[in-house]
Every structure is written in structure tokens, then in C-alpha cells.
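Rule-based calculations on the coordinates, nothing more; no lab input. This is a predicted model, so every value here is computed, not measured. Here the Cβ positions follow ideal geometry from the backbone for every residue, glycine too, while neighbour counts run over all protein chains shown.
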Amino acid sequence: MMRPRHGVRWIAVLTLAAGLAGCAGNTAAGRDSAVRSNPTPELQTLGGRPIDTDNRVALTTDENLRMANQDLLRLWLLDRPSRLTRERMPR
């Protein structure tokens, strides 16, 4: 009969220790400071998430490279047929 009481005591002590240890690190001040340090963790700019910023950068880079290619074609006069010949040029 002594064994069951001894086991119940240990279970009670372990439950109490686990309850005290689990609540000690989760204080309201700790939660509040975590929120105050970064109130909008999912936003990188005023209205955009990091994925939105990455998409905008990718689109802008793609458009800039296509415009640079078009500028090079204009520089080398390859953007339209020459008007120096009298024969018609296919478009």
C-alpha cells in the first residue's frame, strides 16, 4: 500500500513543477514587448509583404532589361527597316 501513495506524491510534485516552469517564461510583459518590437511582422513596407516586394523587383528588372534591349536595337538602327532604298522592304 505504500507504493501507490508514493507514486501519487511524485506525480503531484512533477505536475506542480511542470506547471510552474511552463508559466514562468510566458509572461504578459514578454508577449507585449515581442509585439511592440515588431507590430507588423508580415509587412516589409507600408503596404507590402516580402513576397510582394520580391515580385515587384523581379517585374521591374525584367522590364528594364527588355527596355535596354529595345534601346540597343534603336542604337544600332535595327528597330525598323532602312528608308534609303527605293525598293519596298517587307515588314
Loop only by DSSP, 10 or fewer other Cβ within 10 Å of the Cβ. Give me the GluC sites (Glu not before Pro) in the range 27-91 that pass, ordered by residue number. 42, 87
Subtracting the Cα-Cα distance of residue 59 and residue 83 from 0.36 nm times their residue separation yields 5.1 nm
